[in-house]
Amino acid sequence: MSRDPDIRVVQLVMALRSAGISDKAVLGAIERTPRELFVPGGFQDQAYENRPLPIDCGQTISQPFVVAAMTEALQLDDRCKVLEIGTGSGYQAAVLARLARRVYTVERYRTLAKEAEARFAELRLSNIVQRIGDGAAGWPEQAPFDRIMVTAAAPERPDRLLEQLRPGGVAVAPVQRGDVQTLMRYTKDEDGAVREEQLFDVRFVPLVEGAARAL
Ligand code: SAH
């Protein structure tokens, strides 16, 4: 595989298209987001491969296919105010920021949040707002949101987050169901009723509830 990031990112986009991602705006956002900036030094040569990679604090940067599929499932437009739970490396937030008006992202590890902050500054992504804390509680001060994306597996339907979704809004979240995690999509109608859809099975680190880690 080529060492040139431009060629490698085009190859990644082609792989995502063959895997079924068809939304041109999503593919364009992936193409304009240098994943090499979000993976640790030792994994640079794998930055554009379609696989998850380890990041600091024992966490994971998601597989590009999962980032693309979850972004596509969220049905974003450039007027959307988006909440992301689990900043991690910041890669998913950076992709969302290219498609949405503003992204609010919450991470419980200070180390990860600080690293992501530096990457957002380097990429001049000025429409991302960060907070360190327990994302299981959402971001009530900024609610309601047009879209919500959870990038850690919730133990059950994340009702506290769905309360922060605007009528007409869409949320995607991996939810643990026995031995498997299923990516769920929740759509809130204008009366506040929530419709659920099962999209596909995924593997995420758990959404850890409670006090944020000092790390
Ligand atoms: N979206 C990330 C990948 C997330 S991995 C990326 O693009 O790289 C899941 C992240 O969720 C981890 O960083 C983990 O620390 C974080 N997390 C888990 N439980 C959380 C909680 N309750 N509040 C905020 N972040 C949480």
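Among the residues that make up region 124-136, is at least one of them surrounded by fewer than 19 Cβ atoms within 10 Å (Cβ to Cβ), over 15 Å from the mean Cα position of the chain (by Cα) and part of a helix (DSSP H, G or I)?
no
Within region 1-45, which residues are open to solvent by less than 40 Å² (accessible area, probe 1.4 Å) and part of a helix (DSSP H, G or I)?
Those that are open to solvent by less than 40 Å² (accessible area, probe 1.4 Å) and part of a helix (DSSP H, G or I): ARG8, VAL9, LEU12, VAL13, LEU16, VAL26, LEU27, GLY28, ALA29, ILE30, ARG35.
Output yes when any residue across region 202-213 is within 15 Å of ALA73 (Cβ to Cβ), of a type outside the set (Lys, Arg) and open to solvent by less than 60 Å² (accessible area, probe 1.4 Å), and no when none is.
Within region 202-213, the first condition is being within 15 Å of ALA73 (Cβ to Cβ), and the residues that meet it are 202, 204.
Among the residues that remain, those that are also of a type outside the set (Lys, Arg) are: 202, 204.
Restricting the remaining residues to those that are open to solvent by less than 60 Å² (accessible area, probe 1.4 Å) gives 202, 204.
There is at least one residue in region 202-213 that is within 15 Å of ALA73 (Cβ to Cβ), of a type outside the set (Lys, Arg) and open to solvent by less than 60 Å² (accessible area, probe 1.4 Å).
For region 137-152, how many residues meet the condition of being surrounded by fewer than 20 Cβ atoms within 10 Å (Cβ to Cβ) and either in a strand (DSSP E or B) or more than 13 Å from the ligand (Cβ to nearest atom) (or both)?
5
Do you know which residues across region 88-110 are at negative phi, near the ligand (Cβ under 6 Å from one of its atoms) and not in a strand (DSSP E or B)? Walk me through how you get there before you give the answer.
Taking region 88-110 and keeping what is at negative phi, we get 89, 91-110.
After this cut, where a residue has to be near the ligand (Cβ under 6 Å from one of its atoms) as well, the list is 89, 91-92, 106-109.
Within region 88-110, SER89, TYR91, GLN92, ARG108, TYR109 meet the criteria.
Scan region 178-198 for residues that are open to solvent by 60 Å² or more (accessible area, probe 1.4 Å) and either of a type outside the set (Gly, Ala, Ser) or modelled with pLDDT of 95 or more (or both) and report the count. Before you say what the answer is, go through the steps one by one.
Step one: list which residues in region 178-198 are open to solvent by 60 Å² or more (accessible area, probe 1.4 Å), which gives 178-180, 189-191, 195-196, 198.
So of that shortlist, the ones also either of a type outside the set (Gly, Ala, Ser) or modelled with pLDDT of 95 or more (or both) come out as 179-180, 189-191, 195-196, 198.
Within region 178-198, residues that are open to solvent by 60 Å² or more (accessible area, probe 1.4 Å) and either of a type outside the set (Gly, Ala, Ser) or modelled with pLDDT of 95 or more (or both) number 8.
Collect the residues in region 54-85 that are away from the ligand (no atom under 13 Å from the Cβ), under 25 Å from ASP134 (Cα atoms) and of a type in the set (D, E, K, R), keeping them in residue-number order.
Across region 54-85, the qualifying residue is only LYS81.
Using the structure shown, decide if GLN75 is among the polar types (S, T, N, Q), in a loop (DSSP other than H, G, I, E, B) and open to solvent by 50 Å² or more (accessible area, probe 1.4 Å).
Criteria met by GLN75.
The values are calculated or read from the model by the stated rules, or taken from the named source; none is laboratory data. Predicted model, so just to flag it, every value in this text is computed and none were measured. Because the Cβ atoms are built from the backbone with ideal geometry, glycine has one as well, and the counts that use them run over all protein chains shown. SASA here: full protein model, heavy atoms, side chains in, ligands and nucleic acids out. Shrake-Rupley method; radii C 1.70, N 1.55, O 1.52, S 1.80 Å.
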